[in-house]
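So the structure is just underneath, and the comments pick up after that.
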Amino acid sequence: MLGYLLRRLAQGLLSIVGASIVIFVISRLSGDPIVLLLPSEAPPALIEQVRHDMGLAEPVWRQYLIFAGKALGGDFGNSYRWQAPALSLVLDRLPATIQLAFAGLAFSILLAVPFGVLSAVYRGSWFDTFGKGFAMLGQAMPNFWVGLLLILVFAIHLDWLPAYGHGTLAHLVMPAIALGWYPVAAQTRIVRSAMLDVLDSDYIRMGRAVGNPEWLLVWKYALRNAAIPLVTVLGVYFAAMLGGAFIVETVFAWPGVGRMVVEAVFSRDFPVVQAGVLLTSVLFVGANLLVDLSYGIIDPRIRYDH
Amino acid sequence: MQQTVPAQAQPLLRVENLQTHLYLRRGVLKAVDGVSLAVGTGETLGLVGESGCGKTMTCLSILRLLPKQSGRIVEGQVWLDGIDLTRLPEQEMARQWRGRRVAMVTQDPMTSLNPVFTVGDQVGAPLRAHGLASGARGVRDAAVKVLRHVRIPSAETRLDDYPHQFSGGMRQRVVSAMALACQPRLLILDEPTSNLDVTIQVQMIELFRELQNDSGLGIILITHDLGVAAAICHRVAVMYAGRIVEVGDVRTIYRRAAHPYTRALLDSIPHLGVRRERLASIGGQPPSLIDPPSGCRFAPRCAHRTAQCEREYPPEIQLAPHHTVACWHPLHEQA
Amino acid sequence: MTIEATALPIVPEGGALAALRRRLRERDLPIVSFVVLLLVIVAALGGVALAPHDPNGLDLGNAFRPPFWAEKGSFIYLLGTDNLGRDILSRIIAGARVSLMVAAYAIVFSGGVGGLLGIISGYFGGVVDAVIMRLVDIQLSIPPLALALVMAAVLGADFNTVIIIIVVTYWTWYARIVRSEILSLRSRDYVALAKVAGCGTATIFARHLLPNVMNMLLVLATLQIGQVIIFEASLSFLGLGIQAPDVSWGLMLADARNYLTTAWWAITMPGVAIMLACLSSNMVGDWLRDTFDPKRRQL
């Protein structure tokens, strides 16, 4: 178990290092990174200063080490727009993004689990067919469009919910739905097919043969087994939520990392872009790692087999 | 057809002319085609036949656990304790009968226990479902009692273990504990699909015998192996292609098998110490149950068949007080 | 494929028509999706020539016309007009071209790169495999849109950048699936036999591996169309993709967002176009997958 943990941790670290290399390489693609890192109106003295700090005269690998070393110390440079360290700016926005990602994930699971279970239990019924159609529809709708439609209907026409902003629970509803919409289809499919397998298993048959009520067999005994495949991919979906947050935050003016990075791209505030993207990658990898390590809670075999 | 061998004359279970159909895309499969049988209190009946002959479907019909979409009992009655189970509403069947008065053990212990719940939880569930125990403490105590009953050592501490922490033999006991938790009157044992250790099988058989003596439990053992049935059962019913072809007490079947199919099954049991040229096996395939032949269903594979066999299904003949056969040309005539 | 359905070998009761109907039901042949996808392709190929109006033709006098069925709508502007009086239907037709072009380029390149790396990784294994799979892992540890933002910031937003971003994002998908297919093919008897029989690597590739992989690539590519369309729309919506005066469905939505309260149709119609294009290509892809390999329904 400890060996497994360490191995996964090492893999995660490797991925993050890799991500930092990718970001570093891309930021050098345009030629002179100074163009990216400083506003065009920066005074020559500052340009010289930064050029020196980044060691642009050094070989590329040394430059990367300098970049990585600074990044490790939390130094991505100053945002020239906000005149503050890029990382702390991004970190300030992080709670809002995580809140949104969790809300989106929660929405998708709350929909996908009952949908998946019911379409497995009533396989081939109108509910199953309806669910399949709904799933296909969901996967064909971009999250930002879902967001815009929600605003159109629930904010503008019905005036039930605030169209944008952050603060109350009402503000969270529409962004969470827009973000969680897309994965509902895939998650429903995962739960459904797992559920079909489990409902056909000997232990459920045994449970029936000793008289356990059907609802108990489905919602307790079968569901926990059927949830395992969903839990194993939750990390991926949380990561997808973080990715989707970039665009949904923009639609709903949600003060998170994603919107900040998008704005930074337009104001050519590259330190913020770098910090935001690398931070998201760290969360991305971290979420997957956490989920890997949490299998044991739902599946007792993992705890002892390793 | 009241062939009860042990002392009691009153049968616990009486199945009469049971017909179960499976509605498949290819057609209607007559899985059980007019089966009648009886099991007395404290008696073990072996239901023997090749796979696909309808023995499992017969038992699932008794429990009313047929595949929801495709399976239906179209005719016949299942009398247990004087009640016709086929007429009960599903609600009542689930609440008061299944697991309570009739239970089934699927005998593959490796797959019959839910891997992600503790043994205590799973053994306790039927107790709770049937209102025999309530509250965390009550269910726990009741579960311990049941586990002790099936001779699981240090039951109290093992309650919180998961199935994978048990050996194959112990798992089999846990499965039995689930089935026996509510002290059913009738227990159906489905044959092991995985090759369980022989010693475990023997232990389990001994355990069931003991329980049977204590409580008068009636048992139906489903198996394809007449040898196993001979070792355990009081009586044996041989099934072929959806129908019972021969019924009798073990000794009679073993010594004076009258149906050529029973004979063939007996001949395929390997005997210890007896050298044989080859294992007698039966050529051919059982007929399709979607469109079964009108004559004797075994006729195409039978060495003794005549034109009559192929034309008409044979009536049941009583050869001895507890021995009936459905065959035009029984191997042993009336004693 | 419709031809195959009519040329049924068996004509059971009810005649050929009933047989066809049954067959369509059984195989779930997505006729409607084929038609919709065909429409999108025709729109893309025909482009401006098919559009009733100039997609960029300003006509402020006719701004904010609702679709024909709504009050004050007219048949001249079937799906209404936007804030500058541009015909939305014409713009959707023009946008189809961009969407499909992006999809075509992106799929060819990401399928080519990813497929090739997947084949190499699966066939040769060892260090090559480890390196490629590590690359995949790294790629997967960056959210696609985040990577897109960095690249858009560095390379500047235009058509080429969009293609590059999509290729960089999606090659891993092909690489992983093709690799596992190769691995399973490699372990099959006939490939082993071919090796024993002395067939060279090239022969084994061409004769045994490529045909199998090609089917799979076709399925993957069809399934990717929808994703690429959505990805491109997202980038363009953020202003990091296609730029005016080119027309893109995502760009239309970005414009329409500014007058959400005035013109519901301007936000609805391009989205419906995206949805229909994705839906139809996904369904066709699903159908292709089931046809080629009924066992691999969860791909």
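The values are calculated or read from the model by the stated rules, or taken from the named source; none is laboratory data. Predicted, not measured: the structure shown is a model, and the values here were computed from it. Ideal geometry is used to build each Cβ from the backbone, glycine not excepted, and the neighbour counts take in all protein chains shown. Quick note on the areas: whole protein, heavy atoms, side chains included, nothing else; ligands and nucleic acids left out. Shrake-Rupley method; radii C 1.70, N 1.55, O 1.52, S 1.80 Å.
For the reader, a short list of remarks on this structure follows.
- Residues of type lysines that B:K68 reaches as a straight line, Cα spacing below 23 Å, ignoring anything fewer than 8 places off in the same chain: A:K132, A:K220, B:K30, B:K55
- Charge dipole magnitude, Cβ of K and R +1, D and E -1 - the protein assembly as shown, Cα centre, debye nearest 20: 1900 debye
- Solvent-accessible area buried by pairing C with A, both sides, nearest 100 square angstrom, 1.4 angstrom probe: 3700 Å²
- Average projected area [Cα convex hull, region A:41-138], square nanometres: 11.2 nm²
- Under a Gaussian network description of chain B, with springs only between Cα atoms under 10 Å, the residue in B:G218, B:G295, B:G49 that fluctuates furthest is B:G295.
- For region A:89-169, radius of gyration divided by Kirkwood radius, i.e. Rg to Rh on alpha-carbons: 1.07
- Amide hydrogen neighbours beyond the local backbone of B:I244, cut-off 5 Å, H modeled: B:S36
- Alpha carbon convex hull of chain C, projected area averaged over orientations, nm²: 20.5 nm²
- Dimensions (Å) - the protein assembly as shown, Cα atoms, principal axes, largest first: 117, 70, 68
- Surface composition of region B:114-183: carbon plus sulfur atoms hold 50% of the accessible area, using a 1.4 angstrom probe and ignoring ligands, DNA and RNA.
- Descending principal axes extents, region B:114-183, alpha-carbon based, whole Å: 30, 22, 19
- Other residues lying with their Cβ under 14 Å from the Cβ of A:G243 contribute a combined charge of 0, Lys and Arg counting +1, Asp and Glu -1.
- Derived scalar couplings between HN and Hα for region A:104-113 equal x, 4, 4, 4, 5, 5, 4, 8, 5, 5 Hz in order, rounded to whole Hz, by the Karplus curve 6.51 cos²θ - 1.76 cosθ + 1.60 (θ = phi - 60°), x for Gly and Pro.
- Taking all protein chains into account, the per residue accessible area for chain A stands at 44 Å² (1.4 Å probe).
- Environment charge at B:L18 (Cβ cut-off 10 Å; Lys +1, Arg +1, Asp -1, Glu -1): -3
- Of all accessible heavy-atom area on region C:30-297, the percent that carbon and sulfur account for (1.4 Å): 67 percent
- Helix B:119-129 and the longest principal axis of the C-alpha atoms of chain B enclose an angle of approximately 80°.
- The apolar share of the surface of chain A, taken as the fraction of accessible area on carbon and sulfur atoms (1.4 Å probe, ligands and nucleic acids excluded), comes to 68 percent.
- Kirkwood-type radius of chain A, with distances r between different C-alpha atoms, in Å: 22.0 Å
- The residues packed around C:P55, meaning those with a beta-carbon under 14 Å from its beta-carbon, carry a net charge of -3 if Lys and Arg are +1 and Asp and Glu are -1.
- Anisotropy class of region C:110-205 from Cα gyration tensor, a/c 1.5 cut: prolate
- Equivalent ellipsoid of region C:70-124: semi-axes from √(5λ) of the C-alpha gyration tensor, largest first, are 45, 9, 7 Å.
- Cα long-axis angle, helix A:44-53 against chain A (0 to 90 degrees, to the nearest 10): 60 degrees
- Residue-normalised accessible area of region B:19-61, expressed per residue, 1.4 Å probe, Å²: 31 Å²
- Note that region B:313-327 has calculated 3J(HN,Hα) couplings of 6, x, x, 7, 10, 8, 8, 8, x, 10, 9, 10, 9, 10, 7 Hz, one per residue in order, obtained from phi through the Karplus relation 6.51 cos²θ - 1.76 cosθ + 1.60 (θ = phi - 60°); glycine and proline are x.
- Kirkwood-type radius of chain B, with distances r between different C-alpha atoms, in Å: 20.9 Å
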